[in-house]
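**Student:** Here you go, one structure.
The values are calculated or read from the model by the stated rules, or taken from the named source; none is laboratory data. What you see is a predicted model, and the numbers here were worked out from it, not measured in a lab. Cβ coordinates were reconstructed from backbone atoms using ideal geometry, including for glycine residues, and neighbour counts include every protein chain displayed.
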Amino acid sequence: MKPLLEIIDIHKHYRRLRAVDGVSMTIGQGTCFGLLGPNGAGKTTLIEIIEDIIDPTGGTILYKGARRAAQFRQEVGIMFQQTALLSFLTVAETLETFSRLYDNTESIGHLIQLCHLEEVNAQLNDKISGGQKQRLLLALALLNRPELVFLDEPSTGLDPQARRNLWDIIKTVKSQGRTIVLTTHYMEEAEKLCDDVAIMDKGKVIARGAPEELIQIHCQRATLSVPKDQIPENPEGLQGFINQRGDRIQIRTENVNAVVSKLLSMGVDMRGVNVKTPTLEDVFLKLTGRSLRE
């Protein structure tokens, strides 16, 4: 099966700035693909090129094996990070207005139900909450029954409950066989939703793979935190790097099972032991650094 999207040697230059510098990759049908990167990495520019909003300096985008034609815009849905909605329209009226832009549209009633908008159906756009607005924007992105959906920072500014509610809707959309391209700064979001992620920095893709694969490749060590008073002063046989932080001993190791077995043999009460396994955020920070990006 051919990939849905092929990004071939894409460049975008602004005078001396190489915002996108030779990016090539494919995105498979029915997957959730995450594009991650620090501020200024080039991911927004790359996404806008793929969406056919801006032209590249060089390179080619193929959709379904061919160059994008006029039909491309009828078959994709885009949820922008910021979208101004008309304050004098209700939620239902907004969906009805936008539906007139497309040839093939989804039932508005179905979208209201899918995106949990029943309670605000008759509310004016400027009277709904941030979470309700994000769900409305997602409904707008799904109006034309898109095969390919772009979600740009969909959960920015949402509280944990609203964020997880949005994640559940996105999972439902993916289960329908649609392809999702997600940009996010929430590493947990990418880890929960994405089958495949690419990490960009300085205009290039510096890592690509499933979240669990990237964690395994780049951050194999887990950290066990043990109360100091339960560990002998010079413990023998513990596999890993050991250091002390306050009243706890930290053990960094690639073999958690061996360390746990040793702690049990030493009589350590495991109820006081904390185990932190690596996450996608650890991979992100290792590859892109910890310095602040403007």
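**Student:** May I ask you to list the residues in the range 249-262 that are of a type in the set (Ser, Thr, Tyr) and surrounded by 14 or more Cβ atoms within 10 Å (Cβ to Cβ)?
**Tutor:** Thr253
**Student:** Same structure again: In the range 87-105, what residues are under 23 Å from Glu119 (Cα atoms) and surrounded by fewer than 12 Cβ atoms within 10 Å (Cβ to Cβ)?
**Tutor:** Filtering the range 87-105 down to residues under 23 Å from Glu119 (Cα atoms) leaves 87-99, 105.
Result: Ser87, Phe88.
**Student:** Restricting to the range 174-188, name every residue that is without any contact (Cβ under 8 Å) to a residue 40 or more places away in the chain and over 19 Å from Ile215 (Cα atoms).
**Tutor:** Ser175, Gln176
**Student:** Could you tell me which of the residues Leu62, Leu95 is at pLDDT 95 or above, of a type outside the set (Ser, Thr, Tyr), part of a strand (DSSP E or B) and more than 20 Å from Lys171 (Cα to Cα)? Steps first, answer last, please.
**Tutor:** Numbers: Leu95 fails: part of a strand (DSSP E or B).
Residue meeting the stated conditions: Leu62.
**Student:** Let me ask another. Among the residues of the range 263-283, what is the count of those that are buried (at least 17 other Cβ atoms within 10 Å of the Cβ), touching a Pro at 6+ places or on another chain (Cβ under 8 Å) and not aliphatic (A, V, I, L, M)?
**Tutor:** Residues that pass the stated criteria total 0.
**Student:** Mind checking which pairs have a first residue in the range 258-283 that is in a strand (DSSP E or B) and a second that is among the polar types (S, T, N, Q), Cβ under 6 Å, 6 or more apart or different chains?
**Tutor:** The qualifying pairs are Asn274/Ser225; Lys276/Thr223.
**Student:** For Gly177, all conditions in the list (1) crowded, with 19+ Cβ neighbours inside 10 Å; (2) outside any helix (DSSP H, G or I); (3) of a type outside the set (Phe, Trp, Tyr) hold save one; what is the number of the exception?
**Tutor:** (1)
**Student:** Of Thr183, Thr223, which residue is of a type in the set (S, T, N, Q), under 21 Å from Leu46 (Cα atoms) and surrounded by fewer than 22 Cβ atoms within 10 Å (Cβ to Cβ)?
**Tutor:** Thr183 is the lone residue from the list that is of a type in the set (S, T, N, Q), under 21 Å from Leu46 (Cα atoms) and surrounded by fewer than 22 Cβ atoms within 10 Å (Cβ to Cβ).
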